[in-house]
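Comments concern the structure below.
The values are calculated or read from the model by the stated rules, or taken from the named source; none is laboratory data. In this text, all values refer to a predicted model and were calculated from it rather than measured experimentally. Here Cβ is always computed from backbone atoms with ideal geometry, including for glycine, and neighbour counts include all displayed protein chains. Only protein heavy atoms, including side chains, enter the accessible area calculation; ligands, DNA and RNA are left aside. Shrake-Rupley method; radii C 1.70, N 1.55, O 1.52, S 1.80 Å.
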Amino acid sequence: VTLNGEMALRQLGSEVGFAKSFLQAFVYRKLPAARRIVVAGGVRLGLSTGFARDVELKDENGDPILGDNGLPSTVRVRDVPVSERFFAGGDTTIRGYKLDHVGRPDTLDGDGTPKGGHAELILNGEVRVEVWRDLGVVGFVDAGNVFGLVKEVSLGRLRSGAGIGLRYKSPIGPLRFDLGFKLGALQTFGAKREGRRGVHFSIGQA
């Protein structure tokens, strides 16, 4: 179990103020069987919030938009920098999806490009079976999502995927091949629709 916390304050020189936490918990159990079988599970929860700040409104040319009083108009925002937002999808989070392409409508552009969110919840489970010498097979189920705001986190809004994979214990670590399939309805972005499956190659366990 690990818990990380981070805080940035404008009073201490940060351009944007925010608070962020990330909890990870993983469990591994060997089953009492003749063949080595390991059940692995994980949960990840990320939460963040931006501290309120006033931002000047600008037009398409980058010039300030003036109000009725002749002064630049401002709007109060509570955003978190893109580099500090949460993303999900890919070989280490929710397999069957493209890297970082899992999210709610407000965390994705109209074409499906990820913008990130202020919160994420990811659940993983897999069964690892040794087949022959350094070769093994895996069956897995992943679920999770990225949310625009912390208050929107809900188990009923998770996207999921399932699939199978191969593992080879190489001298540099487990070589991994996973074939994941999206579960549930597919999303459409413009004229493009998500594919049903995703293929992942990597080194190390998911």
Exercise. Of all residues in region 110-133, count the ones that are in a loop (DSSP other than H, G, I, E, B) and touching a residue at least 40 places away in the same chain (Cβ under 8 Å).
Key: 4
Quiz item: Among the residues of region 152-196, which ones are free of Cβ contacts under 8 Å to residues at least 12 places away in the same chain, of a type outside the set (V, I, T) and in a strand (DSSP E or B)?
Solution: R193
Quiz item: Any idea which residue in region 110-168 is surrounded by the fewest Cβ atoms within 10 Å (Cβ to Cβ), counting only those that are charged (D, E, K, R) and over 22 Å from F189 (Cβ atoms)?
Solution: R133
Quiz item: Since Q187 meets every condition but one in (1) open to solvent by less than 80 Å² (accessible area, probe 1.4 Å); (2) closer than 17 Å to D142 by Cα; (3) in contact with an Asp or Glu (Cβ under 9 Å, 6 or more places away or on another chain), which condition does it not meet?
Solution: (2)
Exercise. Among residues belonging to region 78-92 that are without any contact (Cβ under 8 Å) to a residue 60 or more places away in the chain and open to solvent by less than 40 Å² (accessible area, probe 1.4 Å), point out the one that is nearest to the chain's Cα centre (by Cα).
Key: A88
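Can you find even one residue in region 147-166 that is among the acidic types (D, E) and under 30 Å from P81 (Cα atoms)? Steps first, answer last, please.
Filtering region 147-166 for residues among the acidic types (D, E) gives 152.
From what's left, under 30 Å from P81 (Cα atoms): 152.
Yes; the residues of region 147-166 include at least one that is among the acidic types (D, E) and under 30 Å from P81 (Cα atoms).
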Quiz item: Under 7 Å by Cβ, and 6 or more places apart or on different chains, what pairs join a residue from region 25-39 that is within 21 Å of N4 (Cα to Cα) with one that is open to solvent by 100 Å² or more (accessible area, probe 1.4 Å) and at pLDDT 95 or above?
Solution: A25/V1
